[in-house]
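Since the structure comes first, as structure tokens, the remarks are kept for the end.
Each reported figure results from applying straightforward, stated rules to the coordinates on display, with no laboratory input. Note that the coordinates shown come from a computational prediction; the quantities given were computed from them, not determined experimentally. Reconstructed Cβ throughout: ideal geometry from the backbone, glycine too, with neighbour counts over all protein chains shown.
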Amino acid sequence: MKPVILAWFRQDLRIADNPMLAEAGQSGCSILPVYIHDPKAAGQWAPGGASKWWLHHALQSLQKELQKTGLPFIIRSGDSLAQLEEIIADLDDNGHAVEAVLAGRRYEPAAVEQDTAISDALAKNDIRFDSFNSSLLIEPERVQNQSGQPFQVYTPFWKHLRTLDLQPPVKVESSRLTAPNHVPPGVEIDELSLLPDIGWDKAFPQVWNPTLAGASESLTTFVEDAVGRYRDQRDLPGVEGTSRLSPYLHFGQLSPRQVWALVHAEGKQDGAGGQTFLKEVVWREFAFHLLHHYPDSPEVALKEAYRDFPWQPDESLLKAWQQGKTGYPLVDAGMRQLWKTGWMHNRVRMVAGSFLVKHLLQPWQDGAAWFWDTLVDADLASNTMGWQWVAGSGADAAPYFRIFNPILQSQKFDTKGKYIRRFVPELVDLPDEFIHQPWEAPDEVLQQANVRLGDNYPEPLIEHSRGRERALEALQANKKR
């Protein structure tokens, strides 16, 4: 019998442009696709509730696509090394020698540590462990400044990356993917219990198609129809101006190589919208670059001066922010969009994040933890960089004294209140001139709109000028430490 290669899927839940499968197909071995649900391997960053919802459907979709090629899909749950060793032993008992375990490369610190341990353990039994770049345009260590050090500013990172040779998507020949005669047992996807017990996800299917078909359709539609408008519309939460490809990229249902290639194939790379969009794709690369070089950054401020910042943790303030009850309509709309759909518009993410860490003086780590649990696109690299950026403590971050004014941001980017009315229905009947700051509306206007401040819509947790003043006071106190 032919030797077997285990194709260990992780965050590369696709067949197209999957270098692991391409390598396995060229090997002449039988191929056994495997997925192991091992939350403990991620340490404190086990998948959150929204991510698990997406993962359930992404696994189902991949299973169907693998079946079309004639390959089984073995689902396991438990310690990754133990499960791999059980599968290897089962195959060996049935006359199949495992030659190698192949996987898509992971960059999270816990995953890197796990891969090293697994590689060492398998090598003792003469089984090769190889990982492949399935998630990025280019490996993080390949992008260095002139001193051979990691970049901490985005623009030179972007310019340098553009000088490097970027690999096109790899071709996977389905005809070369053959299954072994014996298939070890696994569990059903439903047995992983990834879906919530209560129905907080009821709106998710109306917003998302978390399948490989959904990934392909979303990419094609955006590049062909919308990327040209991306620069002008990406900051407007009331319109569909962003790509919404982030969860597909996180779970590897799309690769950035596929995104990059299609933008160029459609000739959109030099237009204002296409250029701006590609810079955002590289912004994601920058996040992985930072995570690779600064593996403690998910918990620790990158800038040492911010590691002992005088936060004022307050559970009641954090909860009000989480529930979208801050009294600032744009912030509340964003937080409610997040809970309802598992996603938040990027401009609003910045405003909501700034409000938490500056107006409310809550630690950025608390915001990162909430996003981690509630975002379908929760990605350790991007989530960490985003929160460190808004807190002023990360690479190329907005300075701490840059404090978003949630009222002006709302007036500028959601002028007619379309976004606010969608997610904060209590305010739907307020006139445009007052929807950004309901507390400024005359009593008769509030009565006509059925808005009762402090009752069916909260008063602001803190007045904007006072929140800004307090944040700057904290910054000055931190400088004196």
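Here are some notes:
- Taking the average, over residues, of other Cβ atoms within 10 Å as the packing measure, peptides 129-142, 449-462 rank 129-142, 449-462 from highest down.
- Gap separating the Cα centres of segment 431-464 and segment 366-409, nearest whole Å: 28
- Gyration tensor verdict on the chain (Cα atoms; rounded if a/c is under 1.5, prolate if a/b is larger than b/c, oblate otherwise): prolate
- Lysine pairs in segment 1-136 with Cα atoms under 25 Å, if 8 or more residues apart or on separate chains: 7
- Cβ crowding within 10 Å averaged over residues, with 202-215, 153-166, 104-117, 48-61 ranked highest first: 48-61, 104-117, 202-215, 153-166
- Taking packing as the residue-averaged number of other Cβ atoms within 10 angstrom, the listed peptides 144-152, 356-364 run from highest to lowest as 356-364, 144-152.
- Pairwise centroid distance, computed over Cα atoms, of segment 64-93 with segment 274-337, Å: 37
- For segment 334-481: rounded, prolate or oblate by the Cα gyration tensor [a/c cutoff 1.5]: oblate
- About its Cα centre, the dipole of the chain is roughly 1220 debye, where the only charges are +1 on Lys and Arg Cβ and -1 on Asp and Glu Cβ.
- The calculated 222 nm mean residue ellipticity attributable to helices in the chain amounts to -13000 deg cm²/dmol, summing -39500 (n - 2.57) over DSSP H runs of n ≥ 4 and dividing by all residues.
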